[in-house]
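Contents: one structure, followed by commentary.
The values are calculated or read from the model by the stated rules, or taken from the named source; none is laboratory data. Because the structure is a prediction, the values reported are computed rather than measured. Because the Cβ atoms are built from the backbone with ideal geometry, glycine has one as well, and the counts that use them run over all protein chains shown. Quick note on the areas: whole protein, heavy atoms, side chains included, nothing else; ligands and nucleic acids left out. Shrake-Rupley method; radii C 1.70, N 1.55, O 1.52, S 1.80 Å.
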Amino acid sequence: MNALSRENYGLVLAFVGMLIFSGTVPATRLAVEGLDAYFVTAARAAIAGVLAMLVLVILRRSWPSRAQLRLMVVCAVCFVGGFSGFVALGLRTVPAAHGGVVLGVMPLMTAVAAAVILGERLSLRFWLFAVLGAVVVAAYALRDGGGRFDIGDLYLAAGAMTGAIGHVYSGKLSREMPGWEVISWELVIALPLMLPAAFWLMPAEPAVVPVSAWAGLAYVSLFSMFIGFFAWNAAMALAGIARASQILLLQTFVTVGLSAPVNGEHIGLLTIVTAIVVVVIVALGQRARAADA
């Protein structure tokens, strides 16, 4: 497979991963409406971690190297305690559509993290489109919030930052082993802490929790925390971390679209217009070539 074919295949996988991740915010919003945000954070990691452990045992995967384990610990902290926790806390106070837009800064943060951590060099045109896309979604978030950020926005921004760092290191690890194995080991590393925490934080009367909240937890546990990374980690390894991250700009508006049927939220004309603008920016950004190292 030549370099262009690998990159195109990686972008297809990035698109699949983006679609799966687009349900994270609406599903998390459903979950925290009936469950404690800390329980949601621990339970989603615990459920996914048990599944990951079973997969690794059944397939008889060997232990990662010490250097790989160190990076996996960083990723586990970023994804489990960082992104998952901050997003759950943020969505207690802001709607799913608003949260999806705030998380639109993740592509820029991921590109910046890749450049700083891994030394990826990107063309000026790529950076211009990345910045422009982030500015558009940030302006939308401010407009939607009446000119200010809610405390939930700060949690979501922290989630985007930690998630971006996790994506970068997972992308690096995915160059050395299959992407599904990377996320599996990261979840297993977090399991000794998350499993007892989930039992400790479990609601006293599970039967009174709305079915929709359990459904939201099931989605983020199975898809957002586990299955989605199968496609996403492979995409970063094939297409490059910063380039694949540009696809995440589309996630904002798929999330907003899902917030109507899933969370019963209204989608106005401003959202539709902004979505079109961002889709154009993403399309142009994908044509920008990475600068030679």
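Summary of values
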| quantity | calculated |
| --- | --- |
| Simple spin-label estimate for H266 and R143 in nanometres, 7 Å along Cα-Cβ | 1.6 nm |
| Charge dipole (debye, nearest 20) of segment 94-192; +1 at Cβ of Lys and Arg, -1 at Cβ of Asp and Glu | 320 debye |
| Mean Cβ count within 10 Å, highest first, over the residues of peptides 5-18, 264-277 | 5-18, 264-277 |
| Point-charge dipole on Cβ atoms (K/R +1, D/E -1) for the chain, about Cα centre, debye to 20 | 740 debye |
| Spacing of the two label points (7 Å from each Cα toward its C-beta) at T93 and W214, in nm | 3.1 nm |
| Values of log10 I(q)/I(0), in the order q = 0.11, 0.12 Å⁻¹, for the chain under a Debye, Cα-only, solvent-free model | -0.60, -0.72 |
| Pairwise centroid distance, computed over Cα atoms, of segment 96-138 with segment 178-249, Å | 22 Å |
| Computed over segment 1-90, Cα set: Rg, Dmax in Å | 16.4, 49 |
| Paramagnetic reach from L69 (point 7 Å along Cα→Cβ, amide N under 13 Å) across segment 189-229 | 189-190 |
| Rg(Cα) / (2.2 N^0.38 Å) computed for segment 121-246, rounded to two decimals | 1.31 |
| Dipole axis of the chain (+1 Lys, Arg; -1 Asp, Glu on Cβ), positive-most option in M18, S221, V32 | M18 |
| Equivalent ellipsoid semi-axes - Cα gyration tensor, segment 1-154, angstrom | 28, 25, 15 |
| More than 20 angstrom apart: percent of Cα pairs within segment 62-120 | 44 percent |
| V116 versus R60: modelled label distance in nm, points set 7 Å from Cα along the beta carbon direction | 4.4 nm |
| Pair-distance profile P(r), taking every C-alpha pair of segment 85-193, with 10 angstrom steps and integer % | 14, 36, 33, 16, 1 |
| Whole-percent carbon and sulfur share, accessible surface of the chain, 1.4 Å | 70 percent |
| Solvent-accessible heavy-atom area per residue, rounded to whole Å², over the chain at 1.4 Å | 44 Å² |
| Longest to shortest principal axis, alpha-carbon extents of segment 184-242, angstrom | 46, 26, 15 |
| Value of [θ]222 nm, deg cm²/dmol, for the chain, DSSP H segments ≥ 4, -39500 (n - 2.57) each, nearest 500 | -24500 deg cm²/dmol |
